[in-house]
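Notes for the one structure printed next.
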Amino acid sequence: MTQISMDKDLAKDLIDSKLRNIKTQISEIVEKWNQHSAEILIQLSREGKLPESEIDAIGLTNLLQKKFELEKYQRDLED
């Protein structure tokens, strides 16, 4: 991975912006399937209880991973 130097406040703003975007995408997918959480939607999709939801479930899994990574970077910047 390439590393660059940047102002800490700029990095925080970029991470916050990306996190907001990811959370919005997650919410839109969850609402599309009338579920209460991404985890429930993913589980129901795995169990075959939501036909045609597989692509969205895969997308949610990827978005949750990105969210987790960005939250880690966010915590690291606060230390």
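What follows draws every value from the coordinates through simple rules; no lab data is involved. Everything quoted here is computed from the prediction, not taken from an experiment. Positions of Cβ are backbone-derived with ideal geometry, glycine not excepted, and every protein chain shown enters the neighbour counts.
With a simple spin-label model that places each label point 7 Å from the Cα along the Cα-to-Cβ direction, the separation between Ser17 and Lys32 comes to 2.5 nm. Descending by average beta-carbon neighbour count within 10 Å, the peptides 8-14, 61-67 line up as 61-67, 8-14, the highest first. Applying the Karplus relation 6.51 cos²θ - 1.76 cosθ + 1.60 with θ = phi - 60° to segment 55-61 yields 3J(HN,Hα) values of 5, 5, 5, 5, x, 4, 4 Hz, where x marks Gly and Pro.
Dipole check for the chain: with +1 at the C-beta of Lys and Arg, -1 at the C-beta of Asp and Glu, and the Cα centre as origin, the magnitude is about 80 Debye.
For the chain, the square roots of the Cα gyration tensor eigenvalues, ordered a ≥ b ≥ c, give a/c of at least 1.5 with a/b greater than b/c, which places it in the prolate category. The phi torsions of segment 39-48, fed into the Karplus equation with coefficients 6.51, -1.76 and 1.60 and a -60° offset, translate into couplings of 4, 5, 4, 4, 5, 4, 5, 4, 7, x Hz, rounded to whole numbers, with Gly and Pro shown as x. The string of couplings for segment 32-38 from the Karplus curve (6.51, -1.76, 1.60, θ = phi - 60°) is 4, 9, 6, 10, 9, 7, 5 Hz, one whole number per residue in order, with x for Gly and Pro.
Non-local lysine pairs in the chain, meaning eight or more places apart or on different chains, with alpha-carbon distances under 26 Å, amount to 23.
Where does the charge balance sit around Glu69 when Lys and Arg score +1, Asp and Glu -1, over other residues with C-beta under 13 Å from its C-beta?
Result for the local shell: +3.
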